[in-house]
Amino acid sequence: MKKILFVCLVVLTACHSKPKTPFQVLKSTKIKDGVKLDVQINGRISKQEMVDIACYIKGDSSDYKNLQVDYILPGNSYQNKSGVTVYATAAYHDKAIVNPTDTVKDNDNDLLSFEFVGFTATQAKALLTLNPKELAGKHLIAKFIDDATKTITIINEDRHEDNQLYILELDPEGRVVSAIAPMEVTSKGIKKMVVSQQGDYMVLKDSILTLYSSADYDKPFRSIKQSQ
């Protein structure tokens, strides 16, 4: 009997051991009969890794009937006017209610729903290989994958044209969504890339591209970390 009990305890510990994949709970919000957590991960990790994180968190949230975990990539900020961009979502629903989206099983055989909102690691890798002919001969500055708009932004510099910058935005098929030669201005020590006649601009600093709308010059609209 003691041996059986020992085996059960080992299995239980294994199911709820902390995942090897790093994560950090950023924010907790109450929802009906439960809680929604914003969890930051360090990159485009796999579906299974995120399910494992959700399973571990659920062990500490067993009192809730509903648990939603929104995964957030680095580079996001709650100061952004458009809020943070969700990379993927995992959710445990009330077991008393049958939910057709609950098709994934965790390590405890509990059902949950899972959805990639942004690009998977494989899709992102394909995006980063895009090398449009419009930028041939120009020096690459950085690439930014935008999960909110489902595009990739490529910033290049033409060293044969007084270091003029060129910003190209592509869709997942490599088609050009927009092509801009921004006007560079410096205001209060901040280098800005003005990308519209209305005054929308971007700031590139510490590998993070921050977008500002002309409707609110000083409040960031959205931010993206380089090549993740």
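Within the range 112-199, the trypsin sites (Lys or Arg not before Pro) that combine a DSSP coil assignment with at most 15 other C-beta atoms in a 10 angstrom radius are K150, R159, R175, K188.
Look at the alpha carbon pairs under 8 Å that are at least 6 residues apart: their mean separation over the length of the range 91-155 gives a relative contact order of 22 percent. By the count of other C-beta atoms within 10 Å, a proxy for reagent exposure, L37, L168 are ordered fewest to most as L37, L168.
Would you work out if the range 31-79 is rounded, prolate or oblate? Take a ≥ b ≥ c from the square roots of the eigenvalues of the alpha-carbon gyration tensor; rounded if a/c is under 1.5, else prolate when a/b is larger than b/c, oblate otherwise.
Oblate, since a/c reaches 1.5 and b/c is not below a/b.
Would you mind classifying the range 122-225 by shape? Square roots of the alpha carbon gyration tensor eigenvalues, ordered a ≥ b ≥ c; an a/c under 1.5 is rounded, otherwise it is prolate if a/b is larger than b/c and oblate if not. Verdict is oblate for the range 122-225.
Seen from K192, the other residues with C-beta closer than 11 Å to its C-beta sum to a net charge of +1, counting Lys and Arg as +1 and Asp and Glu as -1. Look at the alpha carbon pairs under 8 Å that are at least 6 residues apart: their mean separation over the length of the range 2-118 gives a relative contact order of 21 percent. Summing charges over neighbours of M202, with a neighbour being any other residue whose Cβ is under 13 Å away from its Cβ, gives 0 when K and R count +1 and D and E count -1. The shape of the chain comes out prolate: with a ≥ b ≥ c from the C-alpha gyration tensor, a/c is at least 1.5 and a/b beats b/c. For the range 146-163, 3J(HN,Hα) computed residue by residue from phi via the Karplus equation (6.51, -1.76, 1.60; θ = phi - 60°) reads 9, 5, 6, 9, 6, 9, 10, 9, 10, 10, 10, 10, 9, 6, 9, 10, 6, 6 Hz, glycine and proline entered as x. Between the range 151-228 and the range 63-106, what's the alpha-carbon centroid distance in Å? After rounding, the separation between the Cα centres reads 30 Å.
Summed over qualifying helices (DSSP H, 4 residues or more, each -39500 (n - 2.57)) and divided by its residue number, the chain shows a 222 nm mean residue ellipticity of -4500 deg cm²/dmol. Other residues lying with their Cβ under 15 Å from the Cβ of D38 contribute a combined charge of +1, Lys and Arg counting +1, Asp and Glu -1. Bridgeable lysines around K32 (alpha carbons under 22 Å apart, same-chain partners fewer than 8 residues away excluded): K58, K65, K95.
Since every read-out is calculated from the coordinates, none of them should be taken as a lab result. Keep in mind that what you see is a predicted model, and the values were worked out from it rather than measured. Glycine also receives a Cβ, built like all others from the backbone with ideal geometry; neighbour counts cover every protein chain displayed.
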